[in-house]
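Asker: So that we are looking at the same thing, I have put the structure below in structure tokens.
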Amino acid sequence: MSAIDTPGPGASGALAGRLLSLRRYSGIVTLVILWQLATMWAGSFFFPTPLTILQTAGELWFSGDPSHFFLTDAVFRDVLPSLGRLLAGWAIAVVLGVALGLAIGGFRRLAEAAQPVLEFLRALPSPALIPVFLILLGTDSTMRITLIVMGSLWPVLLNSIEGIRTLDQGQTDMARVFRLPPHARLFRIVLPAAMPHIFAGMRVSLAIAIILMVVSELVASSSGIGHAIIDAQNTFQLAAMWANVLLLALLGISLNGLFSLVENHVLYWHRAARRLAK
């Protein structure tokens, strides 16, 4: 092979990237193929084939009027309300968790006093509070958002407290020496140092929020993906039921991917510092 035909480092890297992508998606493709063959062989009414589920999903969500971008009423009745509740509850949990975490983590006596209360509240299973919230808040979206906040608050709160506790004492001493005002100390030293822990808590919190979104919609609900699953089960529309279940999986994967993009952008300095430390 001549020097002209010899692949350079860039070409080798691109080839390695393509091979890695193929390996990543080969497992999913293999699983779908095996699923299709197994369900075709079984011929069970309760386990439709992936092709049947995909066709049902298209009819459920993408067979609407062109003026609505081919989206059906089910998208506006179930999918979008669920997504709105999920994001609203998770956002409130993140804001409360970070704010309370900074307050508790910044004062040792407050942290010691709050520790038993936090451990008690964290131990409460959030789904067990649904009857209480139904009595207090009714059956509208307020109850469901409150349940999501209650369950997904703790990973952010506890990780924020841990991030404050791991703050380098030398940095705080330097801030006092240079007489940085409290707001500058918060945004230039405290938050950047705690941000890796906060993002770790936010990732766990997002997964919990998705679970609680579905759980809250399984009870006394007239809309949402969870309601659509129960309604399809009661009417024996099993292909529609499986389509909604797979929609939840795709929703979780998509939100996790978007979160990873934001995390990589915000914490690029942290990852670069770790690579230099190695």
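The values are calculated or read from the model by the stated rules, or taken from the named source; none is laboratory data. On a predicted model such as this, the values are computed, not experimentally measured, just so you know. As a convention, Cβ positions derive from the backbone with ideal geometry for all residues, glycine included, and neighbour counts pool all protein chains shown.
Asker: Failed condition for Thr166, given (1) farther than 30 Å from Ser222 by Cα; (2) surrounded by 13 or more Cβ atoms within 10 Å (Cβ to Cβ); (3) hydroxyl-bearing (Ser, Thr, Tyr), with all others met?
Answerer: Failed condition: (2).
Asker: Of everything in region 105-124, what is under 25 Å from the mean Cα position of the chain (by Cα) and in a helix (DSSP H, G or I)? Give them in sequence order.
Answerer: Gly105, Leu118, Glu119, Phe120, Leu121, Arg122, Ala123, listed by residue number.
Asker: Just to check your reading of the model, which residue among Trp41, Trp90 is assigned to a helix (DSSP H, G or I), closer than 30 Å to Leu157 by Cα and aromatic (Phe, Trp, Tyr)?
Answerer: Step by step, each of Trp41, Trp90 is checked, and only Trp90 is assigned to a helix (DSSP H, G or I), closer than 30 Å to Leu157 by Cα and aromatic (Phe, Trp, Tyr).
Asker: Something else about it: Mind checking which residues of region 134-156 are over 23 Å from the mean Cα position of the chain (by Cα) and not aliphatic (A, V, I, L, M)?
Answerer: Of everything in region 134-156, those that are over 23 Å from the mean Cα position of the chain (by Cα) and not aliphatic (A, V, I, L, M) turn out to be Gly138, Thr139.
Asker: Can you pull out every residue in region 128-149 that is surrounded by fewer than 16 Cβ atoms within 10 Å (Cβ to Cβ) and either of a type in the set (D, E, K, R) or closer than 15 Å to Ala209 by Cβ (or both)? Can you show your working first?
Answerer: Step one: of region 128-149, the residues surrounded by fewer than 16 Cβ atoms within 10 Å (Cβ to Cβ) are 128, 131-132, 134-140, 142.
Once the filter is applied, which keeps residues that are surrounded by fewer than 16 Cβ atoms within 10 Å (Cβ to Cβ) and either of a type in the set (D, E, K, R) or closer than 15 Å to Ala209 by Cβ (or both), region 128-149 yields only Asp140.
Asker: With closer than 21 Å to Arg144 by Cα and either of a type in the set (A, V, I, L, M) or at pLDDT 95 or above (or both) as the only criterion, which of Leu261, Leu248 stands out?
Answerer: Residue meeting the stated conditions: Leu248.
One line per residue, one yes/no per condition, for (1) polar (S, T, N, Q); (2) crowded, with 19+ Cβ neighbours inside 10 Å; (3) modelled with pLDDT of 90 or more:
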| site | (1), (2), (3) |
| --- | --- |
| Phe47 | no, no, yes |
| Val79 | no, yes, yes |
| Ala91 | no, no, yes |
| Glu119 | no, no, no |
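Asker: Restrict the check to region 126-145 and report whether at least one residue is part of a helix (DSSP H, G or I), out of contact with any Lys or Arg (no Cβ under 6 Å at 6 or more places or on another chain) and of a type in the set (Asp, Glu).
Answerer: no
Asker: Same structure again: Would you mind telling me which numbered condition in (1) loosely packed, with under 12 Cβ neighbours inside 10 Å; (2) at pLDDT 90 or above Arg24 fails?
Answerer: Against the list (1) loosely packed, with under 12 Cβ neighbours inside 10 Å; (2) at pLDDT 90 or above, Arg24 comes up short only on (2).
Asker: Continuing with the same structure: How about region 42-93: which of its residues are polar (S, T, N, Q) and farther than 26 Å from Asp140 by Cβ?
Answerer: Ser44, Thr49, Thr52, Gln55, Thr56, Ser63, Ser67 - these are the residues of region 42-93 that are polar (S, T, N, Q) and farther than 26 Å from Asp140 by Cβ.
Asker: Which is in contact (Cβ under 8 Å) with a residue 24 or more places away in the chain and either within 30 Å of Ser223 (Cβ to Cβ) or surrounded by 20 or more Cβ atoms within 10 Å (Cβ to Cβ) (or both), of Pro125, Pro155?
Answerer: Pro155
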